[in-house]
Amino acid sequence: MTNPRKIIIDTDPGQDDAVAILLALASPEELEVLGLSVVAGNVPIAMTSRNARVVCELAGRPDLAVYEGATRPLLRAPVTAEHVHGRTGLDGAEVDEPVMPVVPQHSVDFLIETLRREPSGTVTICTLGPQTNLAMALQRAPDIAPRIREVVMMGGGLFEGGNITPAAEFNIYVDPHASKLVFSSGIPIVVLPLDVTHQLLTTKARMDRIGAIGSRVSEVVTGWLQFFERFDVEKYGSDGGPLHDPSVIAYLLKPELFSGRVCNIEIETASELTMGMTVVDWWRVTGRQANATFLRTVDADGFFELLTERLARL
Ligand code: RIB
Ligand code: CA
């Protein structure tokens, strides 16, 4: 058994972020979560911070370090998604207010100090929301870039288009300047885009299997996802909604569930019409330097089997 992979989860909970965090905390043999770094995104940071701590306590991990980071994007005005996630960001289930405190250190300082302390190439950064914290850390401490093993991120889209505008996916749209900086950093990047997450639908059969676990965690997760999916079910007319962020953790646990290709990805920051678009050179027509692995296919049943099995452990 190899040592667990060290990860930092940067997140804007959000019901789907919450399930991703639960999946990671249910997998201690494979993943060592060094801390949660929260960012404003789906809801303002006071709520993403509260929500991250709700999830930690639900998972029986009130010891986990939670850090608060950027309250707004680098340059653009804040954009939130209460229309999808509800006012709290975790609408859909009754939960206790968290008792655990946040760690009184800014996320950016936590990222920099951790990456300078841990052996180079051993820490993976998982971003589940706008990439503001990571971008600020790279701006303030460029020396950390080569020390990061990999950035594994939920964001972007190509053949699926966008979900907040016709061209852009929410995480990138909220802070396109941050993502532009990340994609030009030279850090190895793996992208879980809408092209993958739109295949991960919370169908009734899959939700029934999670509900059948019969635990407090499964009860809360079922409530969260039934609330979360309603917007996309209405929009796409699908059986269930796309489960975005847990795909990042599932990739770390079982990469063989996914496939894609290394190619060049640029981020639109000039045009309001396509602001935040991930311009993915999938057919390699530009000759631009490849800078990321863009995943496009996933074994959806295998993903939900993994998720359900791990949630049952909590
Ligand atoms: O576009 C989906 C992404 O935006 C997910 O990470 C969801 O939580 C929101 O942050
Ligand atoms: Ca998210």
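The values are calculated or read from the model by the stated rules, or taken from the named source; none is laboratory data. This is a predicted model, so every value here is computed, not measured. For neighbour counting, all protein chains shown are included, and Cβ atoms are generated from backbone atoms with ideal geometry for every residue, glycine included. The protein model used for the area step is the full one, side chains on, heavy atoms only, and it has no ligands, DNA or RNA in it. Shrake-Rupley method; radii C 1.70, N 1.55, O 1.52, S 1.80 Å.
Applying the criterion of being in contact with a strand residue (DSSP E or B) (Cβ under 7 Å, 6 or more places away or on another chain) and not in a loop (DSSP other than H, G, I, E, B) to the residues of the range 218-248, the residue that is nearest to ligand 2 (Cβ to nearest atom) is VAL248.
The rows are residues; the columns are (1) open to solvent by 50 Å² or more (accessible area, probe 1.4 Å); (2) of a type in the set (Gly, Ala, Ser); (3) in contact with a helix residue (DSSP H, G or I) (Cβ under 8 Å, 6 or more places away or on another chain).
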position: GLU113; (1), (2), (3): yes, no, no
position: PRO119; (1), (2), (3): yes, no, no
position: THR124; (1), (2), (3): no, no, yes
position: GLN131; (1), (2), (3): no, no, yes
position: LEU138; (1), (2), (3): no, no, yes
position: ALA141; (1), (2), (3): no, yes, yes
position: MET154; (1), (2), (3): no, no, yes
position: GLY162; (1), (2), (3): no, yes, yes
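Report, by residue number, each residue of the range 50-76 that is touching a residue at least 60 places away in the same chain (Cβ under 8 Å), surrounded by fewer than 24 Cβ atoms within 10 Å (Cβ to Cβ) and not in a helix (DSSP H, G or I). Result: ALA59, GLY60, ARG72, PRO73, LEU74, LEU75, ARG76.
Conditions tested, residue by residue: (1) open to solvent by less than 10 Å² (accessible area, probe 1.4 Å); (2) charged (D, E, K, R); (3) on the phi > 0 side of the Ramachandran plot.
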| residue | (1), (2), (3) |
| --- | --- |
| PHE183 | no, no, no |
| LEU192 | yes, no, no |
| THR197 | yes, no, no |
| ASP208 | no, yes, no |
| GLY214 | no, no, yes |
| GLU229 | no, yes, no |
| SER259 | no, no, no |
| VAL279 | no, no, no |
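In the range 241-257, what residues are open to solvent by 30 Å² or more (accessible area, probe 1.4 Å) and in contact (Cβ under 8 Å) with a residue 60 or more places away in the chain? Scanning the range 241-257 gives a single hit, TYR251.
Scanning the range 18-49 for residues that are within 19 Å of GLU68 (Cβ to Cβ), assigned to a helix (DSSP H, G or I) and within 12 Å of ligand 1 (Cβ to nearest atom) yields ALA18, ALA20, ILE21, THR48.
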